[in-house]
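Some notes on the structure that comes next.
The values are calculated or read from the model by the stated rules, or taken from the named source; none is laboratory data. What you see is a predicted model, and the numbers here were worked out from it, not measured in a lab. A quick note on method: Cβ atoms are made from the backbone with ideal geometry, for glycine too, and the neighbour counts reach across all protein chains shown. Ligands, DNA and RNA are excluded from the accessible area calculation, which covers all protein heavy atoms including side chains. Shrake-Rupley method; radii C 1.70, N 1.55, O 1.52, S 1.80 Å.
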Amino acid sequence: MTLTDERRLTQLQWLESEAIHIIREVAAEFERPVLLFSGGKDSVVMLHLATKAFWPAPVPFPVMHVDTGHNFPEVLAFRDATVERLGLRLEVASVQDYIDDGRLRERSDGTRNQLQTQPLLDGITDNKFDAVFGGGRRDEEKARAKERVFSLRDEFGQWDPRNQRPELWNLYNGRHRPGEHVRVFPLSNWTELDVWQYIAAEDIALPELYYAHQREVFERDGMLISVSDVSQPREGETVEKRQVRYRTVGDASCTGAVESDATTVEAVIAEVAGTRLTERGATRADDRASEAAMEDRKKEGYF
Amino acid sequence: MRTLLRLATAGSVDDGKSTLVGRLLYDSKSVLADQFDAVERVSRDRGLASADLALLTDGLRSEREQGITIDVAYRYFATAERSFILADCPGHVQYTRNTVTGASTADVVVLLVDVRHGIQEQTRRHLAVASLLRVPHVVVVVNKIDLVDFDEATYTRVSDEVLASARSLGLYDVATIPVSALAGDNVVERSDRTPWYDGPSLLTFLEQLSPAGSPHSEPLRLPVQLVIRPQQAAGDEFRDYRGYAGQITSGLVRVGDAVTVQPSGRSSTVTGIDFAGASLDEAFAPQSVTLRLADDIDISRGDLIVTSRSVPAVTQDIDGTIAWLADHTLVPGTKVLLKHGTKTVQAMVKAIGGKLDLEDARLLPAESLGLNDIGHVTLRLATPIPAEEYLHSRDTGAFLLIDGQDGGTLAAGMVGDALLDTVAEVGSAATPA
Ligand SMILES: Nc1nc2c(ncn2[C@@H]2O[C@H](COP(=O)(O)OP(=O)(O)OP(=O)(O)O)[C@@H](O)[C@H]2O)c(=O)[nH]1
Ligand SMILES: [Mg+2]
């Protein structure tokens, strides 16, 4: 190998370096950034990158969780333990509070991913956050594939996909008018496989449900839904114990598990590399609603 | 080790860019079943006999309604040789700013031309953008070859025409490939319907391209993003820690190296290279690291740390070439913000020195620049910056012009006027004596 070959970053190192550059730009240029942290794998990876970006100093911004109230208990416990370990401030925007005081109404299907937009936007406004880190990746979904790394939101939190700012080289422009904010996606160029390979390379801890385990599930809309307080089988749906894992973590009442034997990170990588379905296609009922479901939600201010 | 290649499509509206990207993904087995099912469903609803592969990237509602690409879609795929980041850009003139966005980070531009129509104004504009941005490679796909019965003579005429236009814009090392994006000829596999073509398929060509230059032989440049000073926050061990965090844009740094900080001109020695708790002996572009220096000199965000062996001069006067991306017109006397590396300074447009005439690849005199014009400007800055010719450095030679009021990005800027010089040279050489 020649010298120049040795001094070439691997794909993961390249992605890591790009993400750290983005995170540092935000910390330097914005007054009040916040990182959206759900305990899901993408937000865990993003927070891990933030701890690396500022070492030995602590992460210089708080984290926020938009809590649907439909949580997997182990994910919530993981969230709290992580925040505690890193000494971070956690803001919680609670969908349940909005439902309790009537600002939001429960949907007829009972699922709550869609209901997150208003608490999210209010949480941003109330705390005067001007930059909001999201773990969204362009490979997730076709509307996400179109979004800039720095994505401007107007004073109503709306995204205008027809009129995005040019984004040139790695010269990110975070300027905005009062009341507007910027969503920032450090993992834009990562794929699901990159995320898992990085989790392996960095030995990053995740909530246990990302690995195969025995769970009581029933089938709905072609997905395996976990039996819980918020998701009970209806008539004709039978409960079975199956070996499953989760590819994404969202509202527990409509996030599907996939059958899997992958109990280790290496096994998950092999599984993801060979998959024939996208992670959202396999696990999110809400994204199947219409062709442009994600785009429409994003325009309104969703993640 | 698998290398990463960033690719952007370009070319006039409807020449087949999105179809080509869809074909590349589909034939390389990079489309997952549910994505393909969704595309097939939408295609069927529209009465199409087969899946419209352009829908794999044209994902916005309005794109699907209008059948055009509006903004860049990023897609990812890998072969045994290489990982690719594909940026499928729009062809429509109204969305040129998005095509500039996609091309600015590309290692290779794949420029499409419809074999029936030949070169269009947008083809020329995108060639000019690729040349201006110094995208390392350009490959021309002469598309829709199925519609001219795979005719060699028609292909040759169009490819000669594009190559001539490329040369007039200073692009000499350009390959051309006859393709049917719709049917897949010469996209992933070589086609037996073009026996007269003996080059590689597009994918093979892309897999064999030499990876983007490894800039380690270039002098060290590190724009300081922030100063890391934990004070009490990280315990006694780090009470006096002070590190300068940034992503190396070119070159290599080792512990013990002499460095200079611009614009102050102060010098020091590197005593440590930190990355998240690890101490490195050396680091190179494009690593994000934190440097420690021997002396407590004044360094803050916006400064540029460079090797003391090659220190760029600082200047308040910049001659540059810009691609103007805003709807309103730029006139001399306009005040803007200029972002260079991690520094943003006030700037005044002193003069406009002409604009590129795409039809004849000439520099025309101009008093103003309008949307999508490429032109020459002279800028006066409120504070000096260590600007270098874009020709020599794609990082320290690039800048943005930003609207100080609404924060919008107005222009992509490049220090120096290499493209316009080339145009002037080629133009005068072509003029008979
Ligand atoms: N016959 C034939 N038709 C093609 C070929 N490639 C693309 N087309 C058709 O040309 C039309 C435009 O294709 P697109 O891929 O959307 O073109 P585009 O360059 O992405 O257009 P914009 O992004 O809007 O600039 C569609 O109807 C395609 O099916 C080809 O190789 N042969
Ligand atoms: Mg297109």
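The table below lists the values:
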read-out: Share of pairwise Cα separations in the protein assembly as shown, more than 49 Å, in percent; value: 15 percent
read-out: Computed Rg/Rh of chain A, alpha carbon atoms with Kirkwood Rh; value: 0.96
read-out: Space enclosed by the convex hull of the alpha-carbon atoms of region B:57-211, per residue, Å³; value: 116 Å³
read-out: Per-residue mean of C-beta atoms belonging to partner chains within 10 Å, peptide A:15-28; value: 5
read-out: Among B:I119, B:V109, B:T176 - extreme Cα towards positive end, dipole of region B:3-208, charges at beta-carbon; value: B:V109
read-out: Chain B - accessible surface per residue (Å², probe 1.4 Å); value: 39 Å²
read-out: Accessible-area composition of region A:101-222, carbon plus sulfur, in percent [1.4 Å probe]; value: 43 percent
read-out: Dipole magnitude of chain B, debye to nearest 20 (Cβ charges: Lys/Arg +1, Asp/Glu -1, about Cα centre); value: 800 debye
read-out: Tail fraction, Cα-Cα pairs, region A:208-286, threshold 14 Å, whole percent; value: 58 percent
read-out: For residues of B:69-77, the mean tally of beta carbons on other chains within 10 Å; value: 6
read-out: Nearest-ten-degree value, helix B:17-27 long axis tilted from longest Cα axis of chain B; value: 90 degrees
read-out: Peptide-level mean, for B:284-290, of C-beta atoms on other protein chains within 10 Å; value: 6
read-out: Solvent-accessible area lost in complex, 50 Å² minimum, residues of region A:257-286 relative to chain alone, 1.4 Å; value: A:R276, A:T278
read-out: Computed helical MRE - 222 nm, chain B, DSSP H runs ≥ 4 contributing -39500 (n - 2.57), nearest 500; value: -6000 deg cm²/dmol
read-out: Solvent-accessible area, 1.4 Å probe, carbon plus sulfur percent, for region B:61-146; value: 41 percent
read-out: Dipole of chain A, positive direction: furthest Cα of A:A205, A:L12, A:V272, with charges on the beta-carbon; value: A:L12
read-out: For chain A, built as a Gaussian network whose Cα springs stay under 10 Å, the top-fluctuating residue of A:L187, A:L36, A:L168; value: A:L168
read-out: Accessible area buried between chains B and A, both sides summed, probe 1.4 Å, in Å² to nearest 100; value: 6300 Å²
read-out: Peptides ranked, highest mean first, by Cβ atoms within 10 Å: ranges B:414-422, A:78-86, A:97-105; value: B:414-422, A:78-86, A:97-105
read-out: Per-residue HN-Hα couplings for region A:41-55 [Karplus 6.51, -1.76, 1.60; θ = phi - 60°; Hz; x = Gly/Pro]; value: 4, 5, 6, 5, 5, 4, 5, 4, 5, 5, 5, 6, 5, 10, 3
read-out: Amide H contacts of B:R266 (H built 1.01 Å from N, under 5 Å, at least 5 apart or other chain); value: B:V261
read-out: Cα centre as origin, Lys/Arg/Asp/Glu Cβ charges: region A:208-286 dipole, Debye; value: 140 debye
read-out: Rg/Rh for chain B, where both radii come from Cα atoms and Rh is the Kirkwood radius; value: 1.01
read-out: Nearest-ten-degree value, helix B:121-132 long axis tilted from longest Cα axis of chain B; value: 30 degrees
read-out: At least 30 Å² accessible surface lost relative to isolated chain, residues of region A:171-213 (1.4 Å probe); value: A:L171, A:N173, A:R175, A:R177, A:N189
read-out: Share, in percent, of DSSP beta bridges within region B:60-139 that are antiparallel, nearest 5; value: 65 percent
read-out: Given charges at Cβ of Lys, Arg, Asp, Glu: the protein assembly as shown dipole, positive-most of A:T125, B:L420, A:V83; value: B:L420
read-out: Shape metrics for region B:1-101, restricted to C-alpha atoms - Rg then Dmax, Å; value: 13.7, 45
read-out: With Cα atoms, 0 to 90° folded angle of helix B:33-45 axis to chain B main axis; value: 50 degrees
read-out: Whole-number accessible area per residue in Å² for chain A, which is evaluated in the context of all protein chains at 1.4 Å; value: 39 Å²
read-out: Student exercise, region B:315-424 dipole from Lys, Arg, Asp, Glu Cβ charges, in Debye to nearest 20; value: 400 debye
read-out: Coordinate range along principal axes, alpha carbons of region B:315-424, Å, largest first; value: 37, 31, 19
read-out: Centroid-to-centroid separation of region A:149-203 and region B:362-393 [C-alpha atoms, Å]; value: 28 Å
read-out: 3J(HN,Hα) from dihedral phi, region A:241-258, Karplus parametrisation 6.51/-1.76/1.60, rounded to Hz, x for glycine, proline; value: 8, 9, 8, 9, 8, 9, 9, 9, 10, x, 3, 5, 7, 9, 9, x, 8, 10
